[in-house]
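Structure record follows, encoded as C-alpha cells.
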Amino acid sequence: MKIAIGCDHGGDNLRPSIAEYLQKLGHDVIEYLPKSGESTDYPQYGKMVAEDVVANKVDAGILICGTGVGISIAANKVKGIRAVVCSEPATARLSKQHNNTNILAFGGRIVGSVLAKEIVKAWLDAEFEGGRHARRISMIADMEEESLC
Ligand code: RB5
C-alpha cells in the first residue's frame, strides 16, 4: 500500500519509528512533517494527508499530533474522510471493520512506539465488513452533502 503520514511537532517523536515500521511491512510511505524543532500547526498536516486520501494518491493516511485529536478533527473536515483517533488496537480494528476509516490518528504524547505499532498493525490488517455498516456510512456521506458548511 501507499500510505501518507502527517504530523506536527507533538507527533514528530513517533513519526520516524512508524514510518520505518510501515516500510518494513512493505508499504510505500509519503511524509508530511514540520522542520526539525519547529512548533507548527496541526490542521495543515491533517489537510495534506486527507486530500491525498480523497484524491486516491495514497491508499490510507496516518496522522500524529500531541493527542491525535486536533489533527483528526482537521482531517475529518475534508469531504470523504473518516478519521479515527485511537489509543489502543481494538478501536483501530473496529473502526476499519465497522466505519471503514481511511485515516488513523494517535497521539505522540499519549501512546508509546510499541503500542502505536500495534494500533497501526490492527488497523491495516482489518477489513471493512460492509452490510449494515455500509448503510450507516452512506448516511454520514448524505450528511456531508446536506451540510451548509
Ligand atoms: C500541540 O502543542 C498540540 O496542541 C497538538 O499537537 C495536538 O495535541 C492538538 O490536538
At 0.36 nm per residue, and after removing the present C-alpha to C-alpha distance, how many nm does the segment from M1 to K121 gain when stretched out fully?
41.9 nm
When the Karplus curve 6.51 cos²θ - 1.76 cosθ + 1.60 is applied with θ = phi - 60°, which whole-Hz ³J(HN,Hα) does each residue of segment 65-74 get, with x for Gly and Pro?
10, x, 10, x, 6, x, 6, 6, 4, 4
Rank N100, N76, N56 by mean-square fluctuation in a GNM of the chain with C-alpha springs under 10 angstrom and give only the top-ranked residue.
N56
Classified through the alpha carbon gyration tensor (a ≥ b ≥ c as square roots of its eigenvalues; rounded if a/c is under 1.5, else prolate when a/b is larger than b/c, else oblate), segment 71-149 comes out oblate
Rounded, prolate or oblate, given the Cα gyration tensor of segment 10-149, with a/c below 1.5 counting as rounded?
oblate
Quick one: which residues, 5 or more positions from A105 or on another chain, have an amide H under 5 Å from its amide H? H modelled 1.01 Å from N in the peptide plane, none for Pro or chain starts.
L63, V84, V85, C86
Output ³J(HN,Hα) for segment 124-132: one whole-Hz value per residue in order, computed from phi by the Karplus curve 6.51 cos²θ - 1.76 cosθ + 1.60 with θ = phi - 60°, and x for Gly and Pro.
5, 6, 6, 10, 4, 8, x, x, 4
Rounded to the nearest 0.05, FRET efficiency between K24 and V69 (Cβ-Cβ, R0 35 Å) equals 0.80
Cα centre as origin, Lys/Arg/Asp/Glu Cβ charges: the chain dipole, Debye
220
Identify all lysines with a Cα-Cα distance to K57 below 19 Å; exclude those on the same chain that are fewer than 8 residues away in sequence.
K2, K47, K77, K79
Mind listing the long-range amide H neighbours of I30? Cut-off is under 5 Å, sequence gap 5 or more, other chains count too, H placed in the peptide plane at 1.01 Å from N.
I3, A4, I5
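Every read-out reported here was derived from the displayed coordinates using simple, explicitly stated rules and does not represent laboratory data. Predicted, not measured: the structure shown is a model, and the values here were computed from it. Positions of Cβ are backbone-derived with ideal geometry, glycine not excepted, and every protein chain shown enters the neighbour counts.
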